[in-house]
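Everything below concerns the one structure shown next.
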Amino acid sequence: MGTLLQDIRYGIRMLVKNPGYTLIAVLTLALGIGANTALFSVVNGVLLNPLPYPQPERLVMLYENTPNFEKSSISYPNFQDWQRNNSTFSAIAAYRSDDFSMTGSGEPERLRVGMVSADFFPILGVKPALGRFFSPDDDRRSAAPVTIISAGLWQRKFGSAPDIVGKRMTMNGNDYTVIGVIAASFHFQANNFDTAKDLYIPLGQFSDPLFHDRGVHEGMDAIGRLKPGTSLAAARADMDQIARNLAATYPNEDKNAGVTMLPLKQDMVRDVQLFLWVLLGAVGFVLLIACVNVANLQLARATGRAREFAIRSALGASQGRVIRQLLTESILVGLAGGGMGCCLAAWGTQAALRVLPKTLPRAEEVGLDSHVLMFTLAVSVLAGIVFGLAPALKTSRPNLQDTLKESGRGASGARHRALGVFVVVEMAMALVLLIGAGLMIRSLAELWSVNPGFNPHNVLCFDVSLSPSLGANAATSRAALRELGETLNDIPGVKAAAPTGGGLPMTGDDELPFWVEGQQKPANVSEMNQSLFYFVEPQYLTVMEIPLEKGRFFAPSDDEHSPAVTVIDEDFARKYFPNQDPIGKRIHIGIVNIEPEIIGVVGHVKHWGLDSDADRQAIQAQTYMPMMQIPDRFWSGAPQARVVARSTGSPLAIAGAVRQGIEKLNSQNVMFETRTMDAIVAESLAARRFSMILLSVFAGIALLLSSIGIYGVISYVVGQRTHEIGIRMALGAQRQDVLRLMLGEGMKMAMAGVAMGVCAALSLTHLMIKMLFGISATDPVTFTGLAIVLSGVALAACYVPARRAMRVDPIIALRYE
């Protein structure tokens, strides 16, 4: 320990004595370590940390599956049978999302609602901050309406009043009694559900008649907790048997239906695992480049200390003692870089969270915790060893006679070669990162050029919840929505507006089973074809600018009093009416139980996103129906609609006027979730954009560090070869000859690095195949273009020291030392 402390004290003195070297080395490492720490904090929070629930390994997600869907929402009657008949779960709970309008407490407000079964919170091991959770008696259709509110709503709307339990809230025209407050620390994010909820209500109280129909799946999923000692395989076998029994009992609804079961953590993170690991590997390259740069600095600095270590060796210092001293110094630099890197990472993590996709799971758990700090410490020490080992080994074996004769003047050719090898390696790694970023940029450019099937520009999208008093029956609901459409179309700046009753492109979906007229009715729902359904008003086609290919679109006369009609998209027509004219044909819609006539064909819309639409072949067919022809039995409760409005200018500029117009109709109307269609399209590419931004940042840092590295090496070589350059010029060499000599030496290293980088990229970019769109992982344009860019940067970095070499005065050079 005494020797170690001596090494540390001496190492600190040497670093303080050389502030220029120390500052550059620490800053270089801080960039690399900070970037690694920031990204590792994301990987740690999302992928590595255990879920914040008791015994999280026993939590699994459950979905229904069919021949068309691996993960489908669950019908409520099937869920109840799963609860009753399973033998491997201690509990199974279901959940879904909705929105309610709260009135009677200040201005009307739209609240995000989580509908959960009674076992939901106990399964997750959550305790209420106040009051109690739902009981099985609350989780029934006939039970008194009760609610549990979030800590955020409790504070925002009720001032954290301690007597909140027992108070009433009016939502969608019904009074709910507050029975509890959920703790602010509660987080849960799974398929189509997150904890950005304002309140929770019992799932079993949902009054929609379709929800209690076994053949209907209204966006409900389930989570279960395995009994102690039960394996996932045993649970799967148990649920498969239940699915077979249900298929035998209810063949029309459940034939060919099974159960998909995944560990909760796997289900939450599997869509982001690949790109996070790829990004972590990429940022590791940045750290390696930083280490190579500092190693080059160390080698160059070691030249000036050659006599020092030769004298040490002559006085009896062992090779191991010299290596230990040099590694101590390099580890001190690494720790200093790690400390500064932590400060950069604290800022970088917050910046990353701002650009992370909103759908990233567990984002609230991302931060600099003890695991991240231990990672930073380990990386700092390892970096110190990595960049210090090669210089230490070189310096620890001096040729005493030659070194003492040189009087510290120069370095051997072997040392020059070591510097050159480091430059080649960092140039190669920089090119790999540049190519990765280039592929992502080109992919995003390809995606932005994809035609989504509609025109998203100048379109405002928002949701409207009309006053519960307007939804007394189907007639009043239809009248309220007609009035809404007329009001919106009369607002200045609105070119056209259309309420809709189904999903919109890239913002959710509604699927319904159907079969074509003239074909035999399938034996059960699971054997029927599926189509995406859009329930829209006549102005919808004008707003979205979807091309009409054949026939006509809806007119105001296509209402509840006229024969049922429908419009299909070109994919539907091509698949189900090949070599036929579909106009005048009919389709049977199973659950809705109507037979509309096809009156038109429109262009296909990329509903699932610009990048993933082609991957969902099973549900490409699209069908449109007039909103007013939705059967009476489906109009219940407060009328709601999602509205699209095309503006003559900026869509956000009309938002205020639209809100005023909606409130003038009825003070209890609520407008919410306002955004542009351009923003919706951009959100569908959020994960790709995040990957592109980070890879571009890493590539930019790598390019900067590698150009600094090659500049430093050529500068060092020029300084060491000043005497040689003077002799060359004294013997007749021209300045241009010296320039070519230095540039040639630098570009040899650069070209070797480019060649190595191309080979490495060819073997590594296949890991990015799933992240790319429209281009190959070995795209020759990207590889060639970025190889030229890196070569150009290297040439520019070499030019400055090479130009300095050509200005050497032969007289001064010959008198050098």
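The values are calculated or read from the model by the stated rules, or taken from the named source; none is laboratory data. A quick note: this is a predicted structure, and the numbers were derived from the prediction, not measured. Methodologically, a virtual Cβ is constructed for each residue, glycine included, from the backbone with ideal geometry; neighbour enumeration extends over all protein chains shown. The area values use the complete protein model at the heavy-atom level, side chains included, leaving out ligands, DNA and RNA. Shrake-Rupley method; radii C 1.70, N 1.55, O 1.52, S 1.80 Å.
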Query raised in the report: When the solvent-accessible surface of protein heavy atoms is calculated with a 1.4 angstrom probe, in what order do 16, 658 fall, highest first?
Result: 16, 658
Requested in this report: Would you mind calculating the gained length between residue 633 and residue 789 on full extension (0.36 nm times residue separation, minus the Cα-Cα distance), in nm to one decimal?
Outcome: 49.7 nm
Query raised in the report: Can you give the Kirkwood hydrodynamic radius of the range 1-91 from its Cα pairs, in Å with one decimal?
Result: 19.6
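On average, how much accessible surface per residue is there in the chain, in Å², for a 1.4 Å probe, leaving out ligands, DNA and RNA?
Roughly 42 Å² per residue, with all protein chains present.
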Query raised in the report: Just for the Cα atoms in the range 637-681, what are the lengths along the principal axes, largest first, rounded to whole Å?
Result: 31, 20, 13
Requested in this report: Using a 1.4 angstrom probe on the protein heavy atoms only, line up 96, 803, 9, 735 by accessible area, largest first.
Outcome: 9, 735, 803, 96
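Sorted by mean Cβ packing within 10 Å, highest first, what order do the peptides 643-649, 116-122 take?
116-122, 643-649
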Report task. Ignoring everything but the protein chains, give the 1.4 Å probe accessible area of residue 670 in square angstrom, nearest 10. Result -> 10
Query raised in the report: Which of the pairs 197/265; 197/255; 71/265 have their Cα atoms more than 25 Å apart in this structure?
Result: 197/255
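Summarise the accessible area of the range 88-230 (1.4 Å probe, protein heavy atoms) by the percent that is carbon and sulfur.
47
Run the accessible area of the range 431-482 with a 1.4 Å probe and give the carbon-and-sulfur part as a rounded percent.
Carbon plus sulfur share of accessible area: 60 percent.
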Query raised in the report: the range 131-274: D in µm²/s via Stokes-Einstein (Kirkwood Rh, Cα pairs, 20 °C, 1.002 mPa s)?
Result: 118
**Report entry** Accessible-area value, residue 561, 1.4 Å probe, nucleic acids and ligands omitted, Å²
**Finding:** 150
**Report entry** the range 64-160 - percent relative contact order, Cα under 8 Å, separation 6 or more
**Finding:** 16
Query - Carbon and sulfur %, accessible surface of the range 643-726 computed with the full protein complex present, 1.4 Å - result: 60
Report summary line: The summed charge of the residue 49 Cβ neighbourhood (under 9 Å; Lys/Arg +1, Asp/Glu -1) stands at -1
Report task. Determine ³J(HN,Hα), in whole Hz, for all residues of the range 535-548 in sequence, where each value follows from phi through the Karplus function 6.51 cos²θ - 1.76 cosθ + 1.60 and θ = phi - 60°; x replaces Gly and Pro. Result -> 9, 9, 9, x, 6, 4, 5, 5, 5, 7, 6, 7, x, 8
Query raised in the report: Mind checking which helices in the chain clear 30 Å along their axis (Cα) and have mean Kyte-Doolittle hydropathy of -0.5 or more, DSSP H runs only?
Result: 19-43, 273-304, 319-355, 370-395, 413-448, 686-720, 735-764, 780-806
Query raised in the report: Counting alpha carbon pairs within less than 8 Å and at least 6 residues apart, what relative contact order, in whole percent, applies to the chain?
Result: 17
Query raised in the report: Do the sum for the chain: with -39,500 (n - 2.57) for every DSSP H run of n ≥ 4, divided by all residues, what is the mean residue ellipticity at 222 nm, to the nearest 500 deg cm²/dmol?
Result: -16000 deg cm²/dmol
Requested in this report: List, largest first, the extents of the alpha carbons of the range 660-805 along their principal axes, each in whole Å.
Outcome: 96, 35, 19
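Over all pairs of distinct alpha carbons, what does the Kirkwood formula give as the hydrodynamic radius of the chain, in Å?
It is 31.4 Å.
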Query raised in the report: Put 255, 127, 521 in order of accessible area, largest first, 1.4 Å probe: what do you get?
Result: 127, 521, 255
Query raised in the report: So how far, in whole Å, is the C-alpha centre of the range 223-252 from the one of the range 660-690?
Result: 40
Report summary line: Expressed as a percent, the portion of alpha-carbon pairs in the range 160-236 spaced more than 15 Å apart is 73
Query raised in the report: With r defined as the distance between the Cβ atoms of residue 653 and residue 473 and R0 fixed at 51 Å, what FRET efficiency is calculated, to the nearest 0.05?
Result: 0.85
Report summary line: One would report the Cα pair-distance distribution of the range 628-723, bin width 10 Å, in %, as 11, 21, 19, 14, 11, 9, 8, 5, 3, 0
Report summary line: Phi-derived 3J(HN,Hα) across the range 587-597 with the Karplus relation (6.51, -1.76, 1.60, θ = phi - 60°), rounded Hz, x for Gly and Pro, is 10, 9, 9, x, 5, 6, 6, 10, 10, x, 8
Query - aspartates and glutamates with Cα under 20 Å of residue 770, excluding same-chain neighbours fewer than 8 positions away - result: 70, 267, 271, 446, 611, 613, 615, 683, 779
Query raised in the report: Which value, in Å² and to the nearest 10, is the accessible area of residue 375 when all protein chains are kept and the probe is 1.4 Å?
Result: 50
